[in-house]
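The values are calculated or read from the model by the stated rules, or taken from the named source; none is laboratory data. From a predicted model like this one, the values you see are computed outputs, not experimental measurements. Neighbour counts run over all protein chains shown; Cβ positions are idealised from the backbone, glycine included. Keep in mind that these areas ignore ligands, DNA and RNA; they rest on the heavy atoms of the full protein, side chains included. Shrake-Rupley method; radii C 1.70, N 1.55, O 1.52, S 1.80 Å.
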Amino acid sequence: MSMKQTPMSPNKHTSNGNASVLPPENGFSDSLSMLNSEKAVEELIQQPILHGIDDHLIEFAEALRTVAKALRQAAEGKASSQAEASEWKRKYELERSRNLQLEKRAMPSEKHLDENGRVASDGAVEKSDKCCGEHGICSHQVLRDGEHDHDATVVPNKMIRKASFKLSWCCNGDKSNQKKHDIVSFEKGNITTAERSSKQISLKWESPPQTVLILTKPNSTAVRMLCSEMVRWLKEQKSLNIFVEPRVRTELLTESSYYQFVQTWENDKEILFLHTKVDVVVTLGGDGTVLWAASMFKGPVPPVVPFSLGSLGFMTPFHSERYKEYLDSILRGPISIMLRHRLQCHVIRDSAKSDLDSEEPILVLNEVTIDRGISSFLTNLECYCDNSFVTCVQGDGLILSTTSGSTAYSLAAGGSMVHPQVPGILFTPICPHSLSFRPLILPEHVTIRVQVPFNSRGHAWASFDGKDRKKLAPGDALVCSMATWPVPTACQADSTSDFLRSIHEGLHWNLRKMQSFDGPRETHDQV
């Protein structure tokens, strides 16, 4: 009687195509099956690894590199095109503003006033124009007959004329006319610049100032007392119109009903036209009060006289104890001023169709900072200067600073101290992930674009002079260029003396003990 074997289950194929013999269902294996299995295992071990898999991986990696390179080139092309479009837009607006000024000056129907407020004759106008070309630039066009203010609700039933003045450039005490018309132009007494002069700038009033705006540091008893005293002195001794913030006017009226003459504004719309009423801005506080004053004026800024009553004083050269002496000299003129330029920043979202589709521009006097916020990941920022790729910032963030802000956050991050009238934009990384990453100083005419790439591991955050914090998602960009309207600040002596005194007193720059003279001395061999 022959033993009947249990049929085998179908063979299953391994990864190399060889059949593997499975044991019978009753748990026993015959010698032939074991022999075939051992041979199959030996063949599998002896067979080399699949050929060509490494080559396929290398080809795939090269293809990915090619795709990444193409994407990077496309992103750079998009960024350069957007930067170029922003620059052409800025140049177009500047040229359009200049043409409008020329058209207004050429209008025959305009009437000019003399120093006494009367309508001047044509000869007087020609003489005034000629005067502008001889010793500097005048702003006599501010006095127009029959010209009404845009917003008469600020000062009801009263017409306020802005003071006119003239700027001239001095070098070693000598006046200079070089490039003055290329540097500063005027429209109704407001300053706009296309480039900056490194020479000392002097302001001479052509007609006396009539209106003063006083901005104060909040929550300070000493500042409140000084403000009330200064307002009384300016009104009684100088007969000036005085503007203050609504908060300050409430404080003054709480103190005494005498201050009913003090004027203020009711809403943000009136602030937009404040530069058409104010001749001089006086700040009582530290550098933060100067920053606040600059942020109030989105366009032209009147001359600012900053008094030091705060903890920092890089922009506040005047001491409050002698405010009568200083203000009397400033109102009489001439005075030395410093033109502090601002950065104009636009946030462009990834969903925007073009750079023209951007958020409302923000002006900064110190710096704009892009950092990682609360994220634990390093920032990843692609930076472009005009049409050129600069670098990819990996670290805690990046600071784009004006030269006025070189002694602020940029200095703490390792940037250099720069004289405020040196034309340039500071490019300072914050704790970069590279020892070779050092700060740069770029020319003021460039447009800088900082973009968060799509492969960024987290969001970035932008803050403007420490305020107005905005989140930048992957694909969003921040475009910065030099703003048209500078902030003119009065100098106690001149711009260089004030700057050096501020770093000596504020930073104790290079303060050290002098070497004693009783130490070892050099000996000379006697012949």
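Find the Cα radius of gyration of region 442-527, compare it with 2.2 N^0.38 Å by division, and give the number to two decimals.
2.09
Taking 0.36 nm per residue of separation and subtracting the Cα-Cα distance, what length does fully extending ASN455 through ALA493 add? Before the final figure, lay out the partial values.
Working: separation 38, 0.36 × 38 = 13.68 nm, distance 5.20 nm.
This chain segment gains 8.5 nm when fully extended.
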Q: Report the FRET efficiency, 1/(1 + (r/R0)^6), for LEU71 and SER388, where r is their Cβ-Cβ distance and R0 is 25 Å, rounded to 0.05.
A: 0.85
Q. At a probe radius of 1.4 Å, what is the per-residue accessible area of HIS433, in Å² to the nearest 10?
A. 140
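I want the local charge near ARG224. Using Cβ-Cβ distances under 15 Å, sum +1 for each Lys or Arg and -1 for each Asp or Glu among the other residues.
Cβ neighbours under 15 Å give a net charge of 0.
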Q: Would you tally the net charge around LEU252, using a Cβ to Cβ cut-off of less than 14 Å, leaving LEU252 out, and scoring K and R as +1, D and E as -1?
A: +1
Q: State, in angstrom, two size descriptors of region 341-484 derived from its alpha carbons: Rg to one decimal place and Dmax to the nearest whole number.
A: 13.8, 39
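R0 = 41 Å: FRET efficiency of ALA222 with ARG349, Cβ-based, nearest 0.05? Please report the intermediate quantities before stating the final value.
On the way: r = 45 Å, r/R0 = 1.09.
The value I calculate is 0.35.
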Q: Using only Cα atoms, locate the centre of region 460-501 and the centre of region 219-250, then give the distance between them in Å, rounded to an integer.
A: 28
Q.
Between ILE374 and LEU312, what is the label-point separation in nm under the 7 Å Cα-to-beta-carbon projection?
A. 2.5
Q: Might you work out the accessible area of MET417 for me, using a 1.4 Å probe with all protein chains in place, and round it to the nearest 10 Å²?
A: 60
(Q) Starting from the 7 Å offset along Cα-to-Cβ, what nm value, one decimal, do you get for the label separation of ARG332 and LEU57? (A) 8.6
Q. Counting only protein chains, not ligands or nucleic acids, how are PHE261, PHE307, PHE377 ordered by accessible area (probe 1.4 Å), most first?
A. PHE377, PHE261, PHE307
Q. Local charge sum around GLN73 (other residues, Cβ-Cβ under 14 Å, Lys/Arg +1, Asp/Glu -1)?
A. +2
Q: Kindly report the accessible area of region 341-484 per residue (heavy atoms of protein chains, probe 1.4 Å, no ligands, DNA or RNA), in Å².
A: 41
(Q) Suppose every Lys and Arg Cβ carries +1 and every Asp and Glu Cβ carries -1, with no other charges. What dipole size does region 341-484 come out with about its Cα centre, to the nearest 20 debye? (A) 280
Q: With a cut-off of at most 10 other beta carbons within 10 Å, and DSSP calling the residue loop, which GluC sites (Glu not before Pro) in region 222-251 qualify? Please list them.
A: none
**Q.** Cut-off 14 Å, label 7 Å out along Cα→Cβ of GLU325, residues of region 490-515 by amide N
**A.** 492-493
Q) How much accessible surface does TRP485 have with a 1.4 Å probe, in Å² rounded to 10? A) 60
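For GLU255 and HIS433, compute 0.36 nm times the residue count separating them, minus their Cα-Cα distance, and round to one decimal in nm. The partial results should precede the final answer.
On the way: separation 178, 0.36 × 178 = 64.08 nm, distance 5.57 nm.
That pair, GLU255 and HIS433, stretches by 58.5 nm at full extension.
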